[in-house]
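A quick write-up on the structure given underneath.
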């Protein structure tokens, strides 16, 4: 049989439905975030680990100029820590697609004739692996094949290393090496313009003249080797130095792995922070409600105590009140979390290529979310509970003494005090009377506003980055890279191509920068003195001239190395003689994107003991050129020997924009929604509690001749003031959050700065206020339904 | 202003006319008829007491006269205005400009001082008395800065009356104004109301369940089970100080 107290609990819960629902919804947002982020983190991690294990993801990579495979094997065998290696040949290629205005690039990678169990191997998606017959077979990366509508049996023409080859597609596959695949130099994926072409190793040997040689190593480490990756790579680089080591890096520095690790790290941070904010706010709001409930039920509690109910039963009764609310929020949030997990998984499936990424939610995560929600709710109920326990039966059954009021600090101020009308005085004194409640509302509004600001800040930062990079720094229409270093003769040839208005040489060299405290890898971009197509600028958009000698370093890079203008840094280029050079940091630029290091091309050539060498060209194309001219240009480029890649800058910009917008749109909508839950939930709760306490006051004013709108406005002033103050505090909190989050997406390869337009602060405040006004509409409806006659004689 | 007791209750000088007024409240599955065809009038410039047992419909009748509630049937005409025909907005203006209310539990706003409480009413109309004038009229000079929590029950009721009269209303509706006060304080409040009626000519309707208190009224309407059982007019009502209850 249901006990009397349980019946009371159920009826009290039903009666407080409106206010408790608002708390439950805030807790639900916390539980939803927890379930969604923790599940997505687990799913992504699980999918990655499974994939890495099943397809033997490499632990390290070494890029070489050219090295006999036997030497590679011998060197690897000599070095402790290396478990296994695979020598391969990799080459960038341009695909000759007839009649296209869109350049298509690819990376050719060699695989053993039987690719099963190869290190950094593939997982077949469609068709079959290589067959014994023809040598010119290729397996395409699946996403690229789908984007270009290619499948088994189709053919394509690749131009690489000065060779033109027609390849027959045998199948499509994915690889753990390219879970996130972008063309070199870009950060946005565009599968229609970039893919991987796996070819038989002997075919690659033949095509590139690499008989018995390779230009890349992928390898696995022993457990001991994993503990000293850096040492293993250093030893391996030393052993292979005579063959020209261009780059040697561990899995943590591999681009695709880095992107996934970054995402996992962000998920990890968010899965703690966001639920904590929501559960915290739910607990604070429940604190208001339970304290009010304790006041309201004074007489009931007194009577129950008087007739012999012990403290233990009453504690259980009131704790259940909070726990039920928390559990309801947890359950509701878990459902939403399952839905959110599915949405996030869809997004991850779109950007990351996993053979099996499912949207699983472990029962333990749901149980944990519900339990945490209940625990926070119980914590929020404790203060109310303390009041219940402190009540002495005799005292509890007497009506409470009338509330006292006094002038507030603001009213005593000589200038403001006199100007305040009674309405504002009422607002200030009410807030003063319920300081804890006001503080909770301010804190909640601050968090709500900071979430809004974060959402707008993300949009601003991405917008600023795209604008900065593609409108100010990179002003070319096409970027050409060469297979190997070329000279000014190549530049002249590019200038003569149809449609080219201007062509500027670029020499990019991957280097190791060693300061006294730190060592980092980066790329020095050598440009000409009067460069107009690749223009270093500081964060304010001002052009910064490249010094005739020394480096112009992004402040983030300089900061990471602990360097300042005038300091010296040891640079070891991965090309040329690869001898370390001590160079001067001639200046730093406040860069909003990337870890760029610029230098004069002539100076860089001198460092490399070269003359007039370049490995890329930025091209300005005829404005308003038609497709015929573009087709002509592209086919001429493909014909030219030594071309590595051709990039359409406008398309790259569009791809980046599309990807960022796609990834951000969902997050921004969810964040605005969550902020709305906080503002709406907390404000509605505060107003409902306030209305309940001041029902007679409202009824009296209505009877005196005040309209619904005028009485509503009294409550609105209070919520507006509290929310506005909170939102103002939320602005710096949001700015801090924005910097914090942007810092978590920073890697050695690139970094974003947090950007915030002043109008976004205004939008944050306006959105916050719009939630308050939406809530006010509900208050107005409640006021319109208020039974004045009954309320007039309510004892407060 | 004493009235002629010989005149009927629907005389021409009536400030309030109630014509066959009924009021039914739905209470769960049944409808409760609280007023069952009340026809009565309240003379202008007089004190009228409505007496009756608890549940007789006194407060419901006062609410209808004050435009807080609408009758289920019948007409309520106050100062020539048929309240039944007014929209919610017009009823708000009616209460704002023509009626003052005094409540049993004073209904002061705890966070406002006495002066500010009066100001809530004074600023609703153009030719209102200043809060200090109104407080002075109820004998509360010097108490303007006190909060309700710092005043006695009698003083709080005086503030409530000051708030009601600050608008210079034609009609003052008082619901058990001494119900929460001791006798001595109650007498002072009633004397104040009597003085306001005599000096300012305000029409006062007073609800009380105490028949001795009704003795200060020029007209007494006795309500029983939602109908007017008797109307008694008095040429020389008692002074508040003479009342015993």
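Figures for the structure shown
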quantity: Residues satisfying the stated conditions in the stretch B:50-89, i.e. away from every other protein chain (no Cβ under 11 Å), assigned to a helix (DSSP H, G or I) and free of Cβ contacts under 8 Å to residues at least 12 places away in the same chain; calculated: B:85
quantity: Matching entry among A:224, A:239 (being surrounded by fewer than 21 Cβ atoms within 10 Å (Cβ to Cβ) and closer than 27 Å to residue A:580 by Cα); calculated: A:239
quantity: Residue that is modelled with pLDDT under 95 and crowded, with 23+ Cβ neighbours inside 10 Å, where the choices are A:192, A:158; calculated: A:158
quantity: Number of the exception - residue B:135 against (1) crowded, with 22+ Cβ neighbours inside 10 Å; (2) within 15 Å of the chain's Cα centre (by Cα); (3) farther than 21 Å from residue A:786 by Cβ; calculated: (2)
quantity: Criterion (free of Cβ contacts under 8 Å to residues at least 12 places away in the same chain and in contact with a helix residue (DSSP H, G or I) (Cβ under 6 Å, 6 or more places away or on another chain)) met by exactly one of A:705, A:686; calculated: A:705
quantity: Whichever residue in the stretch A:624-634 is more than 20 Å from residue A:491 (Cβ to Cβ) and in contact (Cβ under 8 Å) with a residue 40 or more places away in the chain and, among such residues, is surrounded by the most Cβ atoms within 10 Å (Cβ to Cβ); calculated: A:630
quantity: Residue A:663 vs. criteria in the same structural domain as residue A:615 (by TED's automatic domain parsing), over 24 Å from residue A:20 (Cβ atoms) and touching a helix residue (DSSP H, G or I) at 6+ places or on another chain (Cβ under 9 Å); calculated: no
quantity: Any hit, the stretch A:240-256, residues being free of Cβ contacts under 8 Å to residues at least 60 places away in the same chain and closer than 30 Å to residue A:656 by Cβ; calculated: yes
quantity: Residue within the stretch A:415-423 that is touching a helix residue (DSSP H, G or I) at 6+ places or on another chain (Cβ under 8 Å), within 14 Å of chain B (Cβ to nearest Cβ) and in contact (Cβ under 8 Å) with a residue 24 or more places away in the chain present; calculated: yes
quantity: Within the stretch B:96-117, considering residues that are in a helix (DSSP H, G or I) and farther than 12 Å from residue B:168 by Cα, the one nearest to the other protein chains (Cβ to nearest Cβ); calculated: B:116
quantity: Test: residue in the stretch B:206-216 that is away from every other protein chain (no Cβ under 13 Å) and part of a strand (DSSP E or B); calculated: yes
quantity: In the stretch B:103-118, residue surrounded by the most Cβ atoms within 10 Å (Cβ to Cβ) [restricted to those that are under 17 Å from residue A:702 (Cβ atoms) and in contact (Cβ under 8 Å) with a residue 40 or more places away in the chain]; calculated: B:117
quantity: Residue in the stretch A:684-705 that is modelled with pLDDT of 85 or more and assigned to a loop (DSSP other than H, G, I, E, B) present; calculated: yes
quantity: Unique residue being in a loop (DSSP other than H, G, I, E, B) and either within 13 Å of chain B (Cβ to nearest Cβ) or modelled with pLDDT of 85 or more (or both) when the list is A:720, A:756; calculated: A:756
quantity: Count of residues meeting criterion [within 13 Å of another protein chain (Cβ to nearest Cβ), in contact (Cβ under 8 Å) with a residue 24 or more places away in the chain and not in a loop (DSSP other than H, G, I, E, B)] in the stretch B:138-154; calculated: 3
quantity: Only one of A:406, A:373, A:358, A:450 that is more than 14 Å from chain B (Cβ to nearest Cβ) and not in a helix (DSSP H, G or I); calculated: A:358
quantity: Filter result (touching a helix residue (DSSP H, G or I) at 6+ places or on another chain (Cβ under 6 Å) and surrounded by fewer than 19 Cβ atoms within 10 Å (Cβ to Cβ)) within the stretch B:155-176; calculated: B:170
quantity: Residue in the stretch B:192-202 that is part of a loop (DSSP other than H, G, I, E, B), modelled with pLDDT of 90 or more and within 14 Å of another protein chain (Cβ to nearest Cβ) present; calculated: no
quantity: Count of the stretch A:337-367 residues which are under 21 Å from residue A:24 (Cβ atoms) and within 25 Å of the chain's Cα centre (by Cα); calculated: 8
quantity: Selection within the stretch B:201-216 - within 18 Å of residue B:78 (Cβ to Cβ) and surrounded by 14 or more Cβ atoms within 10 Å (Cβ to Cβ); calculated: B:202, B:203, B:204, B:205, B:206, B:207
quantity: Sole exception among (1) more than 13 Å from every other protein chain (Cβ to nearest Cβ); (2) within 20 Å of residue B:200 (Cα to Cα) for residue B:172, by number; calculated: (1)
quantity: Residue B:92 vs. criteria more than 30 Å from residue A:407 (Cβ to Cβ) and within 9 Å of chain A (Cβ to nearest Cβ); calculated: yes
quantity: Meets criteria (surrounded by fewer than 18 Cβ atoms within 10 Å (Cβ to Cβ) and modelled with pLDDT of 95 or more) for residue A:364; calculated: yes
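The values are calculated or read from the model by the stated rules, or taken from the named source; none is laboratory data. Quantities reported herein were computed from a predicted structural model and do not represent experimental measurements. No Cβ is skipped: glycine too gets one built from the backbone with ideal geometry, and neighbour counts run over all protein chains shown.
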